[in-house]
1. Answer yes or no as to whether LEU212 is without any contact (Cβ under 8 Å) to a residue 40 or more places away in the chain and buried (at least 16 other Cβ atoms within 10 Å of the Cβ).
2. Here's a check for you: in the range 244-255, which residue that is touching a residue at least 12 places away in the same chain (Cβ under 8 Å) and open to solvent by 30 Å² or more (accessible area, probe 1.4 Å) is farthest from ARG229 (Cα to Cα)?
3. Kindly indicate the residue of the range 70-86 that is of a type in the set (A, V, I, L, M, F, W, C) and over 13 Å from LEU47 (Cβ atoms) and also least open to solvent (accessible area, probe 1.4 Å) among those meeting that condition.
4. On the basis of being modelled with pLDDT of 95 or more, closer than 23 Å to ILE178 by Cα and outside any loop (DSSP other than H, G, I, E, B), does SER100 make the cut?
5. Do we have any residue at all in the range 90-98 that's touching a residue at least 40 places away in the same chain (Cβ under 8 Å), crowded, with 19+ Cβ neighbours inside 10 Å and either more than 26 Å from ASN33 (Cβ to Cβ) or among the hydrophobic types (A, V, I, L, M, F, W, C) (or both)?
6. Among the residues of the range 228-239, which ones are surrounded by fewer than 19 Cβ atoms within 10 Å (Cβ to Cβ) and either within 28 Å of the chain's Cα centre (by Cα) or of a type in the set (Ser, Thr, Tyr) (or both)?
7. Residues of the range 51-68 being β-branched (Val, Ile, Thr) and either crowded, with 19+ Cβ neighbours inside 10 Å or free of Cβ contacts under 8 Å to residues at least 12 places away in the same chain (or both), which ones?
8. Any residue that is at negative phi, within 18 Å of the chain's Cα centre (by Cα) and not hydrophobic (A, V, I, L, M, F, W, C) - is there at least one of those in the range 40-57?
Amino acid sequence: MSHQPPVSCIPNTTFGPKMSKAKKVIEEAREINNPEIDLVDKGISNLEEVPGLFNLANITRLSLSHNKIQTVPAALAHLMNLEILNFANNHIEELPVSLSSLPKLRILNVSLNRLNGLPRGFGAFPVLEILDLTYNNLSEKTLPGNFCMMESLRALYLGDNDLEYLPLEIGNLKNLQILSLRENDLIEVPRELGQLSRLRELHLQANRLIVLPPEIGSLDLASNKSVLRLEGNAWIPPIEDQINLGPSHVLDYLRSETYRVLYSRHMSAKPPPQPLTVDKSKKASRARS
């Protein structure tokens, strides 16, 4: 007598239960007119699978972190009241041009994704204050021409990318208070950084820097509320010595006539860049879906 395996009534889909959770979140939000949608860690791989999401015109905060989203549909721009959008830790490879037309967006987090570039016109956000692009595959070749036109920006996180240089236009970000560029491939930074008079945090650790432009010395990065991180670079010995003494010593030295002469000589000599020491081929952001 053969025994048949029990018949299961549960549909055999990989995202059925989780997607029903997402659907439930949307339905509840619609019922109570909730402006904040939390779809964190719901197993979502495609936003088209979340019925009714783009019809919730009133929402101001949308959290979609820790999913498996690969594509961001252009229809997201229909959510005209969005102020906070979080896509951290997904599989996104590109963003739609329409995203920068969101008129009220203040905070955009696309960290821990697989972005190889940004769309043309990306810098057109009218009121964006915080932009987190940490841990992607961005280089200076893939930043759009208007990237540094976001004058409302207060914090820019670009750590763990592939930048060797920064656009000279970075000096246009007049309201910037935090700039994180740690763990890139930076060979040098431009003098225009010295124009960011409101900057209170500058993270340059773990790059390929040898010298800093003297203009950095004019920034207010030595107070108790300021942060200047420079470790993990191949600094010339005089800068390394000052780093060991503290930020105020570094800034004083950068302002000195001795250093201005040394910097000028160094830039004229055009020494070869420091070799790459980190193999980034194993980064999660390089993985193929």
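1. Here the answer is no, as LEU212 does not meet what is asked.
2. Applying the filter and picking the extreme gives ARG255.
3. The qualifying residue least open to solvent (accessible area, probe 1.4 Å) is LEU82.
4. Yes: the conditions hold for SER100.
5. Among the residues of the range 90-98, not one is touching a residue at least 40 places away in the same chain (Cβ under 8 Å), crowded, with 19+ Cβ neighbours inside 10 Å and either more than 26 Å from ASN33 (Cβ to Cβ) or among the hydrophobic types (A, V, I, L, M, F, W, C) (or both), which makes the answer no.
6. If the condition is that a residue be surrounded by fewer than 19 Cβ atoms within 10 Å (Cβ to Cβ) and either within 28 Å of the chain's Cα centre (by Cα) or of a type in the set (Ser, Thr, Tyr) (or both), then ARG229, GLU231, GLY232, ALA234, TRP235 are the ones that fit.
7. Hit for the range 51-68 is ILE59, nothing else.
8. No, every residue in the range 40-57 fails to be at negative phi, within 18 Å of the chain's Cα centre (by Cα) and not hydrophobic (A, V, I, L, M, F, W, C).
The values are calculated or read from the model by the stated rules, or taken from the named source; none is laboratory data. Values in this document were obtained by computation on a predicted structure and should not be read as measured data. Because the Cβ atoms are built from the backbone with ideal geometry, glycine has one as well, and the counts that use them run over all protein chains shown. Surface accessibility is based on the protein's heavy atoms, side chains included, excluding ligands, DNA and RNA. Shrake-Rupley method; radii C 1.70, N 1.55, O 1.52, S 1.80 Å.
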